[in-house]
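The values are calculated or read from the model by the stated rules, or taken from the named source; none is laboratory data. Note that the structure is predicted; figures quoted are calculated from it, not measured. Here the Cβ is made from the backbone with ideal geometry for all residues, glycine too, and neighbour counts use every protein chain on show.
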Amino acid sequence: MSRIGKMPIAVPAGVSVTLQGSHVTVKGPKGELERDLNPEISIAQEGGNLIVSRPSDSKLHRSLHGLTRTLVANMVGGVTQGFDKTLEIVGVGYRAEKDGNKLVLRLGFSHLVNVVPPPGLAVTIEGANRIKVVGINKEAVGQLAAEIRALKPPDHYKGKGIRYAGEVIKLKPGKAVGKGAAAK
């Protein structure tokens with residue numbers, strides 16, 4: 001039995017869950033999320049909890065059991081607390097600015113880079129070098145953060161670029177100068 005899949009999902013007060021076959025709708029104080037899940041995995045509401053169960057121990061059902069439970073738990077968590085990812089910009093002259101809804105990045109290119117967040121996501125700037133992506137859909141928050149990071153990934157020699165907050169970049173040593181180079 002999946003250790004994650006067999007854990008019940010607590011539904012807090014103020015959150016309503018609607019189950020229609022394999023379609024799940026979760027409404028809460030921060031918004032509403034909908035998702036179609038695999039119809040072979042069943043979800044039942046018992047009291048204030050959601051129970052996810054699988055029909056057999058086949059490899060497919062075992063792999064979908066924990067996944068389905070985690071997806072539904074993320075939906076419930078998203079409409080109650082929401083999710084966020086913080087990015088840090090490291091480098092001389094690299095900075096982020098807000099222009100209305102869009103994010104304007106100066107990343108050492110000859111042009112400015114504009115990022116427009118999709119509906120349901122918000123981007124805030126903390127100082128000149130911290131970007132916070134906020135939303136109720138965990139996948140969308142992570143995707144937008146990954147797209148922003150991919151614009152200028154951290155350099156492995158100087159550490160310049162966009163990184164996740166708390167991400168450790170192992171810097172490579174620079175070019176070693178040998179004894180013979182100084183004599184010439």
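A few notes on this one:
- Entry remark, region 25-68: residues being touching a residue at least 40 places away in the same chain (Cβ under 8 Å) and closer than 18 Å to I136 by Cβ number 10 in total.
- Count of residues meeting criterion [outside any strand (DSSP E or B) and surrounded by 12 or more Cβ atoms within 10 Å (Cβ to Cβ)] in region 117-138: 6
- Selection count, region 1-31, where residues are outside any loop (DSSP other than H, G, I, E, B) and loosely packed, with under 15 Cβ neighbours inside 10 Å: 7
- Pairs with Cβ under 9 Å, 6+ apart, first in region 92-107 and closer than 17 Å to P154 by Cβ, second of a type in the set (S, T, Y) and surrounded by 12 or more Cβ atoms within 10 Å (Cβ to Cβ): L105/Y94; R106/Y94; L107/Y94
- Flag for E34 being part of a loop (DSSP other than H, G, I, E, B) and not assigned by TED's automatic domain parsing to the domain that holds I136: no
- For V141: the one exception among (1) touching a Leu at 6+ places or on another chain (Cβ under 9 Å); (2) part of a loop (DSSP other than H, G, I, E, B); (3) surrounded by 13 or more Cβ atoms within 10 Å (Cβ to Cβ): (2)
- Residue within region 44-59 that is on the phi > 0 side of the Ramachandran plot, assigned to a loop (DSSP other than H, G, I, E, B) and within 18 Å of the chain's Cα centre (by Cα) present: no
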